[in-house]
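Asks: The following block contains the structure, expressed as structure tokens.
Read the figures in this text as sums done on the coordinates, not as results from a lab. These figures come from a predicted structure and were not determined experimentally. Because the Cβ atoms are built from the backbone with ideal geometry, glycine has one as well, and the counts that use them run over all protein chains shown.
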Amino acid sequence: MKAKFKSSIWIVFIFQCMVYLTLSSPKSYAQTINEGIQYRQLPIEVYKDKVEGGWLGQAIAVLWAQWTELKWQGEIIPFDLEDWYRLKTPPKEITDKAAAIEDRQKRREFMSKYYSEKKNWEIWVPDKMSDQDDLYVEFMFLYSILKNGLDVTATEIAEDWVKYLSPERIWGANKSAYLNFGKGVWPPMSGHPRYSNNGDAIDYQIEADLFGLISPGLPRISNAWGDKVGHIMNYGDGVYGGMAMSAMYSAAFFESNPRKLVEYSLLAIPTESAYAKMVRDVLDLHQKYPNWQDAWKELQPKWGKKDGKLVPGLDVRINGAYVYMGLLYGGGDFWKSMNISMRCGVDSDCNPSSVAGILGTVLGMKGIPAKWGILRELPIDNIAIKEIYPNLIKWDDILNATIEVGKWNILQNGGYLSKDVFYIPYQTPTSAPLEQTIWVEQPKSDSK
């Protein structure tokens, strides 16, 4: 039986990893100043605040919207969530009636009537952050980097999943990859269409945040992480969704205009990819329609349906579209942006999580409204990775580790630190090579 780490031992382990990797690898993490390179300045205190805002932003939104997840597919959620809301437990007569309906779709429609009445939702006050795969899969990435350094391989990350990640707490493309590991199929083939039907799922899109946070102003480096890590579980557009998100995080340390962030993300992915076509469609609709609901109605038939049926709820393109809708129509307002993304439906907790994480990076923790910022002082529930964290997780452990790894990443990739200011070489995104699973665009007549 494997011995479990005690919380104090784990904290010491992280610290030792930080010290060892920083001191024992001077070539990898040394500072090099090149007078011919243009640098951007990022004070370390600003970096810390923005990393904190990025982590807490994604946590706030996924907790706030968790009760809406996958309850509305192919339809707009009919109300705003202006506060911390949760769904009331349905009365027995409702659950009994639902249980008596044999047809799955009719049962879903019956329960949808209950969900769609706001009187069946109640305001609550969180006492902890729930155990969410949007976060703990990233915690696993962070753990593997701390243990192995920036040169960690995708296979080493996969091996840590097998050792430490509960298989009952992963789904979609992550679960397919995990099962592939057991068959001897390791990255990058674990996410390849030859071995997985979930290459175009949302998984890496909702787990790429970390790689933007540790790569401020370094989109080529976040893309390199995406190529390595994204192919553990995804392929093609499934990888590009994560690359696009991490590129926006990377840019958010220096850019605050949502439309510019969206346009910036297009530079990190192949122009010919279906994902890039979707992003361009959302940009065009934002120009065409002042109202996001009108844009949603035109977007849905093209990207939300395939062969006359709704695409799977974890499809990366339609969910990515709803991330971009929130960013563009929210205009930089934290609540408005995540609320629009949530109301677009489908994976309606993960999508606003991406939105709020990017905007949290723009705003910094200090700029997140106090109503939502209460999560900063609350512990993180932990079910999925108890071999690493036997107890509740503290935000300070995650934030300090991210900042340290970010420092390594900056120094290894041409940056330097002087008088508590990072000097980061100016870098523009470069596109990843094109790879696609089969995707046939719907005829224009279907969008009417």
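Asks: Go through 229-240, 419-430, 185-196 and give me the packing order, highest mean Cβ count within 10 Å leading.
Replies: Highest-to-lowest ranking by the protection proxy: 229-240, 185-196, 419-430.
Asks: At a Förster radius of 45 Å, what calculated FRET efficiency corresponds to the Cβ-Cβ distance of residue 103 and residue 183, to the nearest 0.05?
Replies: About 0.80, to the nearest 0.05.
Asks: Roughly what % of Cα-Cα distances in the chain sit above 43 Å, to the whole percent?
Replies: Looking at the chain, the distances longer than 43 Å represent 10 percent of pairs.
Asks: Looking at segment 374-444, I'd like the Rg to Rh ratio, where Rg is from alpha-carbon atoms and Rh is Kirkwood's inverse mean 1/r.
Replies: 1.19
Asks: Same structure, new question: At 20 angstrom or more along the helix axis (alpha-carbon based) and mean Kyte-Doolittle of 1.6 or higher, what helices does the chain contain? Whole DSSP H runs only.
Replies: Qualifying helices: 7-24.
Asks: Given 0.36 nm per residue, what is the gain on full extension from residue 168 to residue 288 after removing their alpha carbon distance, in nm?
Replies: 38.8 nm
Asks: While we're on this one: Within segment 100-139, which trypsin sites (Lys or Arg not before Pro) sit in a loop by DSSP and count at most 14 neighbouring Cβ atoms inside 10 Å?
Replies: Passing sites in segment 100-139 are 128.
Asks: Can you tell me what percent of all Cα-Cα pairs in segment 85-124 are more than 16 Å apart?
Replies: 36 percent
Asks: Set the Förster distance to 35 Å, then compute FRET efficiency between residue 45 and residue 435 from the Cβ-Cβ distance, nearest 0.05.
Replies: The pair residue 45/residue 435 has a calculated efficiency of 0.30.
Asks: Between residue 418 and residue 280, what is the label-point separation in nm under the 7 Å Cα-to-beta-carbon projection?
Replies: 4.2 nm
Asks: Is there a quick way to get the dipole size of the chain? I mean about its Cα centre, with the Cβ of Lys and Arg at +1 and of Asp and Glu at -1; what is the value in debye to the nearest 20?
Replies: 320 debye
Asks: Based on the Cβ-Cβ distance of residue 155 and residue 118, what FRET efficiency does E = 1/(1 + (r/R0)^6) give at R0 = 45 Å, to the nearest 0.05?
Replies: That pair, residue 155 with residue 118, gives E of 0.40.
Asks: Over the Cα atoms of segment 147-285, what radius of gyration and what Dmax do you get, in Å?
Replies: My reading of the Cα-based Rg and Dmax gives 15.1, 46 Å.
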